[in-house]
1. If you take the residues in region 79-104 that are polar (S, T, N, Q) and in contact with a helix residue (DSSP H, G or I) (Cβ under 6 Å, 6 or more places away or on another chain), which one is surrounded by the fewest Cβ atoms within 10 Å (Cβ to Cβ)?
2. For residues that are in a loop (DSSP other than H, G, I, E, B) and over 17 Å from residue 83 (Cα atoms), scanning just region 124-150, find the one that is least open to solvent (accessible area, probe 1.4 Å).
3. Among the residues of region 167-210, write down those that are more than 22 Å from residue 110 (Cβ to Cβ) and not β-branched (Val, Ile, Thr).
4. Criterion first (surrounded by fewer than 24 Cβ atoms within 10 Å (Cβ to Cβ) and assigned to a helix (DSSP H, G or I)) does residue 58 satisfy it?
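The values are calculated or read from the model by the stated rules, or taken from the named source; none is laboratory data. Not measured: the values here are computed from a predicted model. Cβ placement follows ideal geometry from the backbone for every residue including glycine, while neighbour counts extend to all protein chains displayed. With ligands, DNA and RNA removed, areas are computed over all heavy atoms of the protein, side chains included. Shrake-Rupley method; radii C 1.70, N 1.55, O 1.52, S 1.80 Å.
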Amino acid sequence: MLNGVIKQIEKGKPFFDKIAQNIYLGAVRDGFLTAMPAILFSSVFILAASIPEIFGIVLPATVSDWLWKVYNYSMGVVGLLVAATTARCLAESMNRRMPKNKVINTTSVMLASIVGFMLLAVSNVDGGISTTYLGTKGLLASFISAFITVNMYKFCVIKDVTIHMPKEVPGTISQMFRDVFPFSFSVLVCVLIDVACRTAFNYTFAEAIITLLQPLFTAADGYLGICIIWGAMALFWFVGVHGPSIVEPAIAAIIYANVDANLALFKAGEQASND
């Protein structure tokens with residue numbers, strides 16, 4: 001009986017291989033890895049700010065504020081960083097599949113994805129903007145912005161929707177004009193999504209998508225969710241596919257949102273209870 005189960009699982013290996021080769025999952029994974037130096041860097045400062053409190057050592061207010069400032073301006077904007085790195089990684093994967101002489105400008109894609117993410121995740125407040133969803137809470141919006149941007153650039157490049165300049169124009173300037181339409185269309189799509197979310201829910205897309213997926217976030221915090229996650233990793237390993245590379249991109253937003261929630265609980269003097 002066990003051999004029969006194994007054979008059935010092995011029959012699904014081609015399907016699992018396709019999932020492993022999915023460029024969107026790969027872009028999420030590689031985008032995170034590219035942004036990892038900022039995450040590791042910020043972790044040093046959160047440790048420096050938090051560990052002394054465990055032993056009853058009270059740091060001077062100026063030192064504590066400085067440590068938290070460094071953390072907030074690195075990990076606190078990781079959503080912004082991942083929007084750029086995910087877009088670049090996805091664009092690079094797309095370029096390997098593009099027709100000859102059709103190339104997506106990876107630098108322009110990063111800029112467009114950042115602008116798109118800001119539209120999807122940021123609200124105006126008195127005297128500035130809200131930073132609530134610039135960090136880990138905005139990761140889902142980061143992915144959406146990156147996917148929209150790269151696909152709009154792909155469409156414009158393949159369909160040659162661009163501004164052509166004479167050959168005498170320097171390459172950098174010519175490229176700038178070629179990117180005007182794809183950049184504009186990418187941002188416009190994010191604008192429309194933002195307007196739709198604010199009209200329907202009266203808040204940003206980043207907040208709306210987290211609210212809609214809250215049951216999934218809650219399930220992942222429990223023992224059943226953890227068993228499903230690690231069981232899925234083991235299943236992929238069993239059929240010869242790197243399990244974490246498939247599962248982790250799908251749950252990355254949940255993991256880092258829980259980290260942010262745990263930090264808030266810790267700073268409030270409560271037990272960090274999110275898995």
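1. The initial filter retains those residues of region 79-104 that are polar (S, T, N, Q), namely 85-86, 93, 95, 101.
Now drop any that are not in contact with a helix residue (DSSP H, G or I) (Cβ under 6 Å, 6 or more places away or on another chain), which leaves 85-86, 93.
Values: 85: 24, 86: 33, 93: 17.
The selected residue is 93.
2. Taking region 124-150 first, the residues in a loop (DSSP other than H, G, I, E, B) are 126-127, 130-135.
Still in the list and also over 17 Å from residue 83 (Cα atoms): 126-127, 130.
Working: 126: 160, 127: 93, 130: 30 Å².
Applying the filter and picking the extreme gives 130.
3. Listed by number, the residues that qualify are 167, 168, 196, 197, 198, 200, 201, 202, 203, 207, 208.
4. Working: surrounded by fewer than 24 Cβ atoms within 10 Å (Cβ to Cβ): yes; assigned to a helix (DSSP H, G or I): no.
Criteria not met by residue 58.
Each row is one residue, and each column tells you yes or no for (1) out of contact with any Leu (no Cβ under 6 Å at 6 or more places or on another chain); (2) at pLDDT below 65; (3) farther than 30 Å from residue 52 by Cα.
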position: 165; (1), (2), (3): yes, no, yes
position: 178; (1), (2), (3): yes, no, yes
position: 190; (1), (2), (3): no, no, yes
position: 202; (1), (2), (3): yes, no, yes
position: 269; (1), (2), (3): yes, no, no
position: 273; (1), (2), (3): yes, yes, no
